Amino acid sequence: SYFPPEFAGIVSGGHADADLNASLALEPATTVTLAGTVGLRDLRLVEPAGGSDVLQWESLQLDGVDLRVDETGPAVRIAEMTLSSYLAKILVTTGGKVNLQQMLAEPADPEAGQGAPEAAADKGASAVVPRIAIDRVTLQGGTLEFVDQHMPKPFRARFLNLGGRVSGIDSQSETPAVVDLRGNLENRSPLQITGGIRPLGETLFADLKIRFDAIELSPMTPYSGNYLGYAIEKGKLYLDLDYQVDGDRLNAANHVFLDQFTFGQKVASDQATSLPVRLAVALLKDGRGEIRLDLPVTGSLDDPEFSVVGVVFTILKNLLVKAATSPFKLLAAVLGGGDEDFSTVSFPYGVADLQEPEEAKLARLADALQQRPGLKLEVSGYVDRENDPEAWRRVRLETALKRHRHDALKREGKLPEGATVDSMSLNAEERSRYLKQVYKEADFPKPRNALGMVKALPDAEMEKLLFANTPAGEEEMQALAEARARAVYEHLVQARQLPVERIFLKQDDIYRPPDEKGGSGSRVGFGATVD
């Protein structure tokens with residue numbers, strides 16, 4: 001009955017003891033002092049609904065207590081506060097409620113106390129803030145148990161050997177208290193919290209580094225199965241967190257390292273995301289099986305919409321979305337390539353020949369795939385419906401002209417060693433001469449004179465007729481798209497030495513527009529898959 005009315009927990013056990021010297025002085029001003037030791041033993045605190053344990057400890061010892069109340073207000077100094085053999089239990093029920101919530105009672109009248117804000121403000125303004133100083137807080141032999149019964153398969157975890165020291169807590173000092181706390185998850189994974197904190201000042205200040213090593217991930221399967229749709233076969237998690245709080249501002253750096261993280265069997269779950277989590281892991285995991293993520297968080301603690309966990313999960317969700325929509329942009333970002341996009345290779349209209357800048361892009365893509373052995377590549381060729389057909393016709397004509405030039409030099413014995421059709425160049429006279437030959441050999445109806453003979457035409461007119469009679473329909477465009485895909489495939493296999501079992505030619509709508517605004521339709525596009 002001595003606890004505040006909003007406290008609904010039940011103290012089902014405990015003993016208090018004290019050894020104090022008390023003094024009262026009336027002159028020159030009323031002064032009351034208490035000095036000595038205080039202890040609270042064998043405490044057991046339970047929640048009211050089910051009577052389950054929430055908090056218990058063997059001993060809470062306060063040594064060197066010095067409480068003073070005088071005209072300047074109350075002040076208390078404690079030389080050492082020691083909490084020994086303590087146990088805290090956090091339980092999430094099947095209904096999704098946390099046992100700690102049961103420890104707080106609903107207010108009988110939510111509007112009570114709201115009628116006189118001016119009086120409340122005056123009372124707060126006149127209240128004297130006590131000075132509180134604790135030289136050392138020592139924690140020994142602590143255990144934290146966490147049970148989540150809200151999952152289809154319950155999850156349990158225990159933090160053991162929680163202990164350490166906080167030194168120099170003082171409500172009127174600008175110097176932060178020194179924090180050094182340690183423990184283990186299931187006696188395996190070490191936890192360390194170090195830094196400084198000023199919890200009793202006018203504004204909160206904290207600069208804490210949290211290091212959590214070698215957390216086994218396979219026990220997290222109840223969560224991964226329910227929300228990701230897969231069991232966790234193996235993996236270890238390392239957390240290196242740096243949190244700075246100054247007043248209402250939070251700046252946090254979350255460095256996450258996952259080693260050998262591997263999904264196992266698929267788990268049926270109505271709550272599982274449809275995003276490609278396995279693809280995201282394959283994109284993020286390097287050749288050593290390691291994933292490194294930096295997840296910065298900044299915000300105002302006074303903002304009711306702000307949540308550290310919410311921000312982190314939003315970042316992770318964005319990674320999954322990017323894996324689904326722009327996997328190669330994500331891959332480039334992970335490898336330090338900034339905004340570079342490996343998802344397409346562009347071609348000039350009408351041709352299937354790789355250009356030098358695009359070969360350089362393929363080299364970087366190949367390097368990225370070498371570092372991501374879990375990825376497989378899909379290669380699809382595309383054409384530009386508006387520009388490729390006409391360019392295709394022009395390329396066919398230029399190739400025919402160069403072939404005539406090549407054959408003529410070969411007949412004359414003047415062909416340079418190693419010269420190819422594509423390497424031929426023509427001046428204006430040669431081009432006009434060979435254009436007439438190509439036109440003469442072309443098999444289509446040609447304009448004739450009054451005597452029925454093929455009519456001589458200007459070069460421009462012959463070109464128009466050759467273009468008009470060079471097919472560039474669905475069959476030719478399909479062949480162009482396939483030739484582009486094949487050129488990229490062979491470059492990656494032959495020049496970049498990627499294994500053929502990791503590259504697949506994939507048929508797609510050859511006229512599908514590029515995903516990026518302003519991208520070229522004359523291209524080869526890539527897709528990423530995992531086994």
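A few remarks follow.
- Under-5 Å amide H pairs with residue 233, H placed in peptide plane, nonlocal only: 262, 263, 264
- Spread of Cα-to-Cα distances over 10 Å intervals beginning at zero, given as percent, for segment 388-521: 10, 27, 28, 23, 10, 2, 0
- Ligands, DNA and RNA left out, the accessible area of the chain computed with a 1.4 Å probe is 54% carbon and sulfur.
- Cα shape, segment 321-391, gyration tensor, a/c 1.5 rule: prolate
- Close amide H partners of residue 505, meaning residues 5 or more places away or on another chain with modelled amide H under 5 Å apart, are 379.
- Per-residue HN-Hα couplings for segment 492-508 [Karplus 6.51, -1.76, 1.60; θ = phi - 60°; Hz; x = Gly/Pro]: 5, 6, 7, 7, 9, 6, 7, x, 4, 6, 9, 10, 10, 7, 10, 7, 8
- Computed FRET value (nearest 0.05) for residue 309 with residue 194, which takes r as the C-beta separation and R₀ as 22 Å: 0.50
- Between segment 461-531 and segment 379-453, the alpha-carbon center distance in angstrom: 23
- Under-5 Å amide H pairs with residue 7, H placed in peptide plane, nonlocal only: 105
- Share of Cα-Cα pairs in the chain lying beyond 40 Å, as whole percent: 52
- Packing order of peptides 449-456, 41-48, highest average first: 41-48, 449-456 (average count of other Cβ atoms within 10 Å over each peptide's residues).
- Size of electric dipole in the chain: Cβ of Lys, Arg +1 and of Asp, Glu -1, about Cα centre, debye, nearest 20: 2920
- Averaging Cα coordinates gives a centre for segment 17-88 and one for segment 284-362; these two points are 54 Å apart.
- Candidate cross-link partners of residue 455 among the aspartates and glutamates, defined by an alpha-carbon separation under 17 Å and a same-chain spacing of 8 or more, comprise 441, 443, 463.
- Segment 226-251-segment 183-208 distance, computed between alpha-carbon centres (Å): 15
- Principal axis dimensions, segment 466-531 - Cα atoms, whole angstrom, descending: 45, 28, 19
- Residue 398 sits with roughly 50 Å² accessible to a 1.4 Å probe, with DNA, RNA and ligands left out of the calculation.
- Set of aspartates and glutamates with alpha-carbon distance to residue 361 below 19 Å, sequence-local pairs under 8 removed: 339, 340, 341, 353, 378, 490, 515, 516
- Phi angles across segment 71-77 convert, under the Karplus curve 6.51 cos²θ - 1.76 cosθ + 1.60 with θ = phi - 60°, into 3J(HN,Hα) values of 5, 7, x, x, 8, 9, 10 Hz, Gly and Pro given as x.
- Pairs with C-alpha atoms separated by more than 29 Å, drawn from the list 209/376; 234/322; 464/506; 236/376, are 209/376; 464/506.
- The trypsin sites (Lys or Arg not before Pro) of segment 366-403 meeting both criteria, a DSSP state outside H, G, I, E and B (loop) and at most 14 other C-beta atoms within 10 angstrom of the site's C-beta, are 385.
- Phi to ³J(HN,Hα) by Karplus 6.51 cos²θ - 1.76 cosθ + 1.60 over segment 156-161, Hz, x for Gly, Pro: 10, 8, 10, 9, 10, 6
- Rolling a 1.4 angstrom probe over the protein heavy atoms with all chains in place gives the chain an accessible area of 57 Å² per residue.
The values are calculated or read from the model by the stated rules, or taken from the named source; none is laboratory data. Just so you know, these numbers come straight off a predicted model, no measurement behind them. Reconstructed Cβ throughout: ideal geometry from the backbone, glycine too, with neighbour counts over all protein chains shown. Ligands, DNA and RNA are stripped out before the accessible areas are found, and what is left, the full protein with its side chains, is counted by its heavy atoms. Shrake-Rupley method; radii C 1.70, N 1.55, O 1.52, S 1.80 Å.
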